[in-house]
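One structure below.
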Amino acid sequence: MGKKFFFIVCLFYSCITSAQADTAQKIVEGRENSIDQQQKSYVILISADGFRYDYAEKYQAKTLLALSGNGVRAAAMIPSYPSLTFPNHYTIVTGLYPSHHGLVNNYFYDPSRKASYGMRDASAVKDGSWYGGTPLWVLAEQQQMLTASFFWVGSEANIKGTLPTYYYAFNDSIPIDRRIQTVISWLKLPPEKRPHLISFYISRVDHEGHSYGPDAPETAEAVRWVDTTIQKLTDAVKQTGLPVNFIFVSDHGMTKIDVDHPLSLPPSLDTSKFIIPRGSELLELYAKNKANISDIYKKLKKEKGFTAYLKSNTPSRLHYSSKDDVMNRIGDILLIPTWPQAFNLSTRKLNPGAHGYDPRLVKDMLATFYAWGPAFKNHLEIPAFENVNVYPVITKILGLSYHDKIDGNSKLAREILK
């Protein structure tokens, strides 16, 4: 009886685990490329999370250096503020600053909804009502061009009533070789069913950078692993014979922080009067009663280790003020640590690697941009540019029109495309 009971319990938990490990491809049936769209080029947009602007040279990512050397290589790509994962991935595919598309942080509070968004909250992540702007896959599908996503922020959400035709719920346990093979299977579909825009997300460099720091051998190994992955992917894609363009980006960089002297919530802050989502390199304070903002702000301005701002007086370069805050999701008071310090609101020691700082003050926040393929100029090196400008590059390659106002412009596209 005991063994049978044990078996049933194990089976029960095995079923739960299997249910949680969603590795199945999702397909929206009934879609086809229009005849005109079938003639268009292809774009694979790759993000290596946390792949700092200098990692390829620092750790000799030979494949990426060779491919970008033959194509386009930017000195760096400037993330939007805050230089965090969810805001910047969504900026890249909408051409909007975080304050304009609504994902203002990895974790934030929306006073009008009286609800919080968190990057680990599956229900929020998959709820399209949190997302502003028009992501590239939505724009393409609206114009009868099929898209696919092997992970990207927002790609699991029904935004403006539209999901990619082919997509996956985020699950980092899916082996990289299976992901590559899936991309190839998409490209081998009949022309009417073949996606012309594919997003492809890789997290490993960010994980190792957080856990060990940007200068650690584990991070170096992760960079070289990504380099090998790109070699495998490009070799496999080449066999299809299709005119595929590659854009390799990252959302932000990585820096070493002071883990031995973390910042705590200042004693002058009455936490009962504010909603404070989790954060380290940026703390956002949402007042339960607006009448409490002024007095607390005056006290916080006197504290050391960070700068306190009202959202009405943040530096204009951040595009993160009350006048930018389209969805009213930025905190009433912002506490921005002075690098290399960071807040620690938990009992666990901070990881040595972090990001989220102002990229114009902390160079380690700068991201990567490489591009190659038939649409791109050859052997071109360009200065750093803001990541809101990637959107018009991709719409130009794919021949997609957009009418919504974005924060990027077509200058970069004119500079790097043939």
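Just so you know, all these numbers are worked out from the coordinates, no wet-lab data involved. Just so it is clear, the structure is predicted and the values come from calculations on it, not from any experiment. When we count neighbours, we look across all protein chains shown, and the Cβ atoms used for this are built from the backbone with ideal geometry, even at glycine.
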Listed with the fewest Cβ neighbours within 10 Å leading, Leu282, Leu189, Leu310 appear as Leu189, Leu310, Leu282
Bounding extents of the range 271-354 in its principal axis frame from Cα atoms, largest first in Å, are 34, 31, 25
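Under 8 Å for C-alpha pairs, at least 6 residues apart: give me the relative contact order for the range 66-216, rounded to a whole percent.
Numbers: 183 pairs, mean separation 25.2, N = 151.
Here the relative contact order equals 17 percent.
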Set Lys and Arg Cβ to +1 and Asp and Glu Cβ to -1, take the dipole of the chain about its Cα centre, and tell me which of Gln39, His261, Ile276 lies farthest positive. Ile276
Taking a crude spin-label model, label points 7 Å out from Cα along the C-beta direction, the Thr338 to Ser312 distance in nm is 2.6 nm
When ranked by the protection proxy of mean other Cβ atoms within 10 Å per residue, highest first, what sequence do the peptides 72-80, 335-343 form? 72-80, 335-343
Non-local amide H neighbours of Phe306 (under 5 Å, H modeled in plane, Pro and chain starts lacking H): which ones? Thr338
Sorted by Cβ neighbour density within 10 Å, fewest at the top, the residues Thr368, Thr347: Thr347, Thr368
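Give Lys114/Lys288; Lys40/Lys232; Lys40/Lys396; Lys58/Lys349 a once-over and call out the pairs whose C-alpha atoms are over 19 Å from each other.
Details: Lys114/Lys288 11 Å; Lys40/Lys232 24 Å; Lys40/Lys396 11 Å; Lys58/Lys349 28 Å.
Where the Cα-Cα span goes over 19 Å, the pairs concerned are Lys40/Lys232; Lys58/Lys349.
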Relative contact order for the range 80-149, counting Cα pairs under 8 Å that sit 6 or more residues apart, in percent: 25 percent
Toward the positive end of the charge dipole of the chain, about the Cα centre and with charges on Cβ (Lys, Arg +1; Asp, Glu -1), which of Tyr59, Thr229, Thr147 goes farthest? Thr147
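Which helices, counted as full DSSP H runs in the chain, have an axial Cα extent of no less than 18 Å and a Kyte-Doolittle average of 1.0 or above? List each step's numbers first, then the result.
Working: long enough: 2-20 (27 Å, 1.04); 217-238 (31 Å, -0.40).
Within the chain the helices that satisfy the rule are 2-20.
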Sorted by chain and number, the residues with a modelled amide H under 5 Å from that of Val43, at a separation of 5 or more or across chains, are Leu197, Ile198, Asn245
In Hz, Karplus ³J(HN,Hα) per residue of the range 143-158 (6.51, -1.76, 1.60; θ = phi - 60°; x = Gly, Pro): 9, 6, 10, 6, 9, 9, 9, 9, 6, 5, 4, x, 6, 9, 9, 7
Using just the helices of the chain, give the 222 nm mean residue ellipticity in deg cm²/dmol: DSSP H runs with n ≥ 4 each add -39,500 (n - 2.57), and the total is spread over all residues, rounded to 500. -8500 deg cm²/dmol
Using alpha carbon positions and the Kirkwood radius, the Rg to Rh ratio of the range 138-220 is 1.08
Going fewest to most other Cβ atoms within 10 Å around each Cβ, Ser280, Ser68, Ser99 line up as Ser280, Ser68, Ser99
Stokes-Einstein D (µm²/s) once Rh is taken as the Kirkwood radius of the chain over alpha-carbon pairs, at 37 °C in 0.692 mPa s: 147 µm²/s
Report, for the chain, the % of DSSP beta bridges that are antiparallel, rounded to 5. 55 percent
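List the relative contact order of the chain as a percent without decimals, with contacts defined as Cα pairs under 8 Å and 6+ residues apart.
After rounding, I find 30 percent.
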